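Below: the structure, in structure tokens.
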Amino acid sequence: MERLLRKAKALKGEITPPADKSISHRAVMFACMAEGHSRIKNFLWAKDPLSSLTAMRSLGAEIQITQAKEIMVNAKGLHSLKEPENVIDCGNSGTTIRLLSGILAGQPFLSVLTGDDSLRQRPMRRIIEPLRLMGANIMGRAENTLPPLVIKGGHLKAINYSMPIASAQVKSAILLAALFAEGETSVTEPHKSRDHTEKMLKSMGVELEINNNTIKITPPEHPLKPFDIVIPNDFSSAAFFIAGACLVSGSEIIIKNVCLNETRTGFIEVLKSMGANIEIFNLKEQAGEPVGDISVKTASALKAVSVQGEIIPRLIDEFPVLCVVATQAEGTTVIKDAKDLRAKESDRIKAMTTELSKMGVSIKEFEDGVEIKGPCRLKGARVYSYKDHRIAMALSIAALIAQGETVIKDADCVDISFPEFYSLLEMLQR
Ligand code: S3P
């Protein structure tokens, strides 16, 4: 599907973005390992977390959809999953395939995991290696680097693992396998990535010791506790509207009930340092996470920044839209240490460089990032999403400040994380 967008007048009003994708995946997977009934309200009704839900059902989990966006899980403990009768299709979802591999590494049966064209090109050695060290039989296509994956789990032993890159998916796969392993597992990341897994497992009664970037975990002696949660809304989805309101003149919006976990909000820190007009209020706790409302007004002037190092994992999914903001900042913005962006749903460094260039942006691609010279008058163009939801949404925000018309090819991929994206964008435009 193609989407035509024009320059926007102003974004005004209040929106509730969709539920957090990372937390939705974890909630449905982890609830299936508890003993008892869990209730998950505000589950993200989008393709990615639905891949996790369907996968858990194919492993025998009892999951009921009780109302719109509410699910009930009736689970019988850590060892209650069953061998799937068919190959499990993880769709476009890296979180599904990697976290599930961690769980399946601990199961005494055979599973085969695959996904769509994009997922079958995403690197899996990063989970195969540590899970093999723990004793799982796990193989992948292309010399154990790509899906489909074949997993026959079994008796796992604890490991001390130092991760070469910061990745919440890899960290989570190891922590989940560690629930089934003998002894204390420790995992260390070079920088801290999102910690939703740690928070949720702790709330279920798992003993986790967190020291800087090292997590130690021992298999639970008691059944995992079920939970009753309302999932907060997704900061990464909110980020597109934060950027839009910063850039489109005369804008003033409020984004409701957003998860503000600091392992996710590096984008706000960077935008504020660029001169953005962003405020946070109504702070509270929900589902063990800090949550609040975000108000954004058009920035009067933005200045370029340098983004690198520790903050990269805390804004990794906001890279595409951060590039769009940088086009309007005075000076040269540099983003580096972000090579893993080439292994996301698309090569996001190449995608943003190629497509923003078509819109007239002076952008240079490096192996691990980009350099963008601003401010720049964007011009409408025919651009491509690479079937990557975050590229489609970032280019849509660029279209709001471009002269003329922009057409985005394969824009329907927003359904992966944010099916209501275009209707909310239309609603805000005055
Ligand atoms: C995610 C972790 C990140 C992120 C992805 C969601 C998660 O991936 O980019 O969108 O839910 O754990 P990596 O672990 O590959 O960095």
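Key figures for this structure:
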| item | result |
| --- | --- |
| Extension gain, ASP410 back to ASN212 (0.36 nm per residue minus Cα-Cα distance, nm) | 67.1 nm |
| Computed label-point distance, nm, for sites ARG125 and SER357 using a 7 Å Cα→Cβ extension | 2.8 nm |
| Convex hull volume per residue in cubic angstrom - Cα atoms of the chain | 121 Å³ |
| Average Cα contact separation per residue, the chain, under 8 Å, 6 or more apart, as relative contact order % | 18 percent |
| Residues of region 93-130 with amide N under 18 Å of the 7 Å Cα→Cβ point at ARG141 | 93-98, 101, 111-128 |
| Equivalent-ellipsoid semi-axes of region 101-165, from the Cα gyration tensor, Å, largest first | 19, 15, 8 |
| Cα-based shape type of region 221-309, given that a ≥ b ≥ c are square roots of the gyration tensor eigenvalues and the cut on a/c is 1.5 | prolate |
| Pairwise centroid distance, computed over Cα atoms, of region 278-312 with region 77-98, Å | 34 Å |
| Label-point gap, in nm, between SER273 and LYS364 - each point 7 angstrom along Cα→Cβ | 2.1 nm |
| For THR327, THR145, THR197, order by how many other beta-carbon atoms lie within 10 Å, fewest first | THR145, THR327, THR197 |
| Point-to-point label distance, LYS303-GLN286, nm (Cα→Cβ direction, 7 Å offset) | 3.6 nm |
| Calculated [θ] (222 nm, deg cm²/dmol) that DSSP helices of n ≥ 4 give over the chain, each run adding -39,500 (n - 2.57) | -8500 deg cm²/dmol |
| Long-range amide H partners of LYS7 with built H, under 5 Å | GLY404 |
| Trypsin sites (Lys or Arg not before Pro) restricted to DSSP loop in region 165-198 with at most 12 other C-beta within 10 Å | none |
| At R0 = 41 Å, FRET efficiency that the Cβ-Cβ distance of GLU14 and THR66 yields, to 0.05 | 0.90 |
| Mean Cβ neighbour count within 10 Å, used as a protection proxy, ranking 127-135, 384-392 highest first | 384-392, 127-135 |
| Calculated FRET efficiency for the pair LYS336/ARG382, C-beta based, R₀ 30 Å, to 0.05 | 0.55 |
| Segment SER80-HIS37, length gained on full extension (0.36 nm per residue, minus Cα span) | 14.1 nm |
| Packing-based order for 244-252, 23-31, using average beta carbon neighbours within 10 Å, highest first | 23-31, 244-252 |
| Between region 155-179 and region 132-147, the alpha-carbon center distance in angstrom | 14 Å |
| Inter-centroid distance (Cα atoms) of region 374-430 relative to region 8-42, Å | 23 Å |
| Förster radius 35 Å - calculated FRET efficiency between VAL230 and ILE311 (Cβ-Cβ, nearest 0.05) | 0.75 |
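Here, each number is a calculation from the coordinates, and none is a lab measurement. Keep in mind it's a predicted model, so treat the numbers as computed, not measured. For neighbour counting, all protein chains shown are included, and Cβ atoms are generated from backbone atoms with ideal geometry for every residue, glycine included.
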